[in-house]
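Notes follow the structure.
The values are calculated or read from the model by the stated rules, or taken from the named source; none is laboratory data. This one's a predicted model, so the numbers in the text were calculated from it and none came from an experiment. Cβ placement follows ideal geometry from the backbone for every residue including glycine, while neighbour counts extend to all protein chains displayed.
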Amino acid sequence: MAEKYIEMWKNLGMDIEKHNELLNILGQYYTAVYLSQKNRPKGMGYFDFVVSEIHGLRIKELNDSRKEGKKVIGAFCIYAPEELAYAADATMVGLCGGTDFSVPDAEAVLPRNLCPLIKSFYGFRLNKTCPYFQSSDLVVGETTCDGKKKVYELLNELIPTYVLEVPHKPHTQQGKEFWYKELEAFKAKLEEVTGNKITAEKLKESIELINNKRKALKRLSDLRANNPAPISGLDALLIYQISFNDDVKRFTDKVNELCDELDERVRKGIGVKAKDAPRLMISGCPMAIPNWKVHSIAQAAGASVIVEESCVGTRYFTNLVEPKSDNLNDLLWAMVEKYSQIPCACFTPNDARIKSVTDLAKQFKAEGVIYYTLQNCHDYNVEGVKVDRALKSLGLPMLKIETDYAMGDSEQIKTRIEAFLEIIQEKRK
Ligand code: BJ8
């Protein structure tokens with residue numbers, strides 16, 4: 001890929017040498033983790049192609065559209081209201097970092113004991129190896145956890161950063177009214193940046209566009225409840241990750257095509273793991289691309305990963321925006337209702353998440369839950385106490401894994417997951 005896009009990357013101000021280093025590492029990692037899997041659905045071919053062109057063709061598409069006046073908005077959270085961005089005729093892309101490649105650059109500025117997701121994205125902006133960052137006209141942060149909130153102040157020194165204030169009790173009436181005002185303010189910001197007016201008609205269209213994407217992802221997720229699961233956890237995770245960067249309409253069509261193939265697999269009883277493979281749910285912090293660490297270890301240990309209670313997972317697509325009418329006010333209120341149902345651990349109290357974990361465990365017939373928390377993520381780490389209690393009441397074992405993006409603890413995680421799978425096997429007896 002490198003040669004034909006070098007001019008484009010130079011024009012984006014990227015560090016070409018360092019970026020080549022990154023591409024080499026990612027290419028090898030992807031081949032080892034993904035392309036070595038057996039019995040993958042044919043439909044994964046499209047997503048492999050997207051990954052192979054993730055810094056190439058997709059960036060070219062974004063920059064071609066920028067030449068025609070379309071803006072690119074970068075985001076870090078599923079609370080960033082993408083429907084508004086598309087209604088302003090902009091494109092929204094995910095900027096969360098999922099690799100330790102950029103962490104040392106961030107650590108030259110930031111404290112080391114900070115969440116790796118935050119260090120990773122900030123490092124990417126510093127070292128100029130993320131073409132999505134380099135292509136963004138505006139980035140939108142949000143006041144979820146303290147680490148992100150403070151890093152956005154520093155990020156604003158490097159790229160225009162707009163911060164949405166997210167209510168920490170979003171399900172209350174007061175929280176909803178506050179969020180409505182934030183949506184209005186963000187709408188005005190987008191209109192200013194893009195020069196386009198967000199009309200009711202445009203917003204209705206973009207709500208439908210994004211709802212269709214969420215529906216396709218939910219369809220994919222629901223298919224994994226079958227035994228055997230027709231697609232691996234790794235492949236499903238990859239699709240959820242790509243959902244933040246690919247063209248929305250094309251992506252939705254491709255996910256639905258893949259689901260047609262998976263329907264057929266389910267009818268024929270074709271799976272990627274044996275029917276008696278232990279069924280694991282993963283719950284916790286989001287796994288930004290290319291964070292495939294825990295899934296690949298669990299899969300190699302013999303587990304079938306069947307659902308992710310995560311923002312790169314069910315939290316993103318469980319609810320839709322469902323307006324009561326076509327007027328702008330109702331459309332915005334429908335967005336308020338949808339977004340206030342995302343159970344992020346930053347919120348309090350967050351009983352909806354505990355319920356969601358237990359509901360999903362039942363729906364997917366999970367036999368065990370890996371509670372995944374990134375180092376220094378206090379919100380998910382502490383909330384693990386309540387999740388553990390709720391799972392215990394269902395008689396389900398939970399394994400808590402607190403890790404970062406480095407591979408140094410892989411062996412230790414492997415040993416712990418293998419022991420966990422043995423506990424599940426014992427329970428079956
Ligand atoms: S809605 S989960 S995407 S904030 S950055 S909280 S891992 S210490 S990402 Fe998130 Fe939105 Fe919530 Fe979802 Fe912890 Fe790290 Fe903070 Fe993180």
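A quick yes/no check of all residues on (1) out of contact with any helix residue (DSSP H, G or I) (no Cβ under 9 Å at 6 or more places or on another chain); (2) modelled with pLDDT of 95 or more; (3) under 20 Å from Y405 (Cβ atoms); (4) crowded, with 21+ Cβ neighbours inside 10 Å:
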{"site": "P290", "(1), (2), (3), (4)": "no, yes, yes, yes"}
{"site": "Q299", "(1), (2), (3), (4)": "no, yes, yes, yes"}
{"site": "A303", "(1), (2), (3), (4)": "no, yes, no, yes"}
{"site": "E309", "(1), (2), (3), (4)": "no, yes, no, yes"}
{"site": "N327", "(1), (2), (3), (4)": "no, yes, no, no"}
{"site": "D359", "(1), (2), (3), (4)": "yes, yes, no, no"}
{"site": "Y372", "(1), (2), (3), (4)": "no, yes, yes, yes"}
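Any residue at all in the stretch 82-92 that is hydroxyl-bearing (S, T, Y) and under 30 Å from E184 (Cα atoms)? Yes.
Selection over the stretch 224-259 of residues that are in contact with a strand residue (DSSP E or B) (Cβ under 6 Å, 6 or more places away or on another chain) and in a helix (DSSP H, G or I) gives a count of 1. Based on what the data block shows, is L154 at pLDDT 95 or above, assigned to a helix (DSSP H, G or I) and within 15 Å of the ligand (Cβ to nearest atom)? Considered against the rule, which asks whether it is at pLDDT 95 or above, assigned to a helix (DSSP H, G or I) and within 15 Å of the ligand (Cβ to nearest atom), L154 comes out as yes. Consider only pairs whose beta carbons are under 6 Å apart and that are at least six residues apart or on different chains; among these, list those whose first residue lies in the stretch 362-391 and is among the polar types (S, T, N, Q) and whose second residue is within 16 Å of the ligand (Cβ to nearest atom) and part of a helix (DSSP H, G or I). Final answer for the pair search is T373/Y380; T373/N381. I'd like to verify a number: residues in the stretch 53-80 that are within 16 Å of the ligand (Cβ to nearest atom) and either more than 17 Å from L95 (Cβ to Cβ) or among the aromatic types (F, W, Y) (or both), how many? So the count comes out to 2. Selection of the stretch 406-429 for residues being among the hydrophobic types (A, V, I, L, M, F, W, C), part of a helix (DSSP H, G or I) and surrounded by 13 or more Cβ atoms within 10 Å (Cβ to Cβ) yields I413, I417, F420, L421, I423, I424. Evaluating R40 against the criteria (1) farther than 30 Å from K187 by Cα; (2) over 23 Å from the mean Cα position of the chain (by Cα) leaves one unmet condition, (2). None of G123, G147 is under 22 Å from D15 (Cα atoms), within 15 Å of the ligand (Cβ to nearest atom) and of a type in the set (G, A, S) except G123. Listed by first and then second residue, the pairs with beta-carbon distance under 6 Å, at least 6 apart or on different chains, first residue in the stretch 110-128 and without any contact (Cβ under 8 Å) to a residue 60 or more places away in the chain, second of a type in the set (D, E) and away from the ligand (no atom under 11 Å from the Cβ), are G123/D105; L126/D105.
Can you say whether F133 is crowded, with 21+ Cβ neighbours inside 10 Å, of a type outside the set (A, V, I, L, M), closer than 25 Å to A185 by Cα and in contact with a Phe, Trp or Tyr (Cβ under 6 Å, 6 or more places away or on another chain), as far as the supplied structure shows? When the stated conditions are applied, F133 passes them. Among the residues of the stretch 364-380, those that are within 15 Å of the ligand (Cβ to nearest atom) and part of a loop (DSSP other than H, G, I, E, B) comprise Q375, N376, C377. Scanning for something assigned to a loop (DSSP other than H, G, I, E, B) and buried (at least 17 other Cβ atoms within 10 Å of the Cβ), does the stretch 23-38 turn up at least one residue? Taking every residue of the stretch 23-38 in turn, none turns out to be assigned to a loop (DSSP other than H, G, I, E, B) and buried (at least 17 other Cβ atoms within 10 Å of the Cβ). Every residue in the stretch 1-40 that is of a type in the set (K, R) and under 25 Å from M407 (Cβ atoms), please. K18, K38, R40 - these are the residues of the stretch 1-40 that are of a type in the set (K, R) and under 25 Å from M407 (Cβ atoms). Counting the residues of the stretch 350-359 that are within 16 Å of the ligand (Cβ to nearest atom) and either basic (K, R) or touching a residue at least 40 places away in the same chain (Cβ under 8 Å) (or both) gives 4.
When residues in the stretch 81-112 are screened for being of a type in the set (G, A, S), more than 13 Å from the ligand (Cβ to nearest atom) and assigned to a loop (DSSP other than H, G, I, E, B), 3 of them pass. Would you pick out the residues in the stretch 269-321 that are among the polar types (S, T, N, Q), closer than 15 Å to R224 by Cα and within 16 Å of the ligand (Cβ to nearest atom)? Result: T314, T318. Considering only residues that are crowded, with 17+ Cβ neighbours inside 10 Å and within 15 Å of L331 (Cα to Cα), which ones fall in the stretch 186-203? F186, K187, I198, A200, K202, L203 - these are the residues of the stretch 186-203 that are crowded, with 17+ Cβ neighbours inside 10 Å and within 15 Å of L331 (Cα to Cα). Looking at D64, is it assigned to a helix (DSSP H, G or I), surrounded by fewer than 18 Cβ atoms within 10 Å (Cβ to Cβ) and within 19 Å of the chain's Cα centre (by Cα)? When the stated conditions are applied, D64 does not pass them. Summed over the stretch 339-379, the residues that are basic (K, R) and touching a Leu at 6+ places or on another chain (Cβ under 9 Å) give a count of 1.
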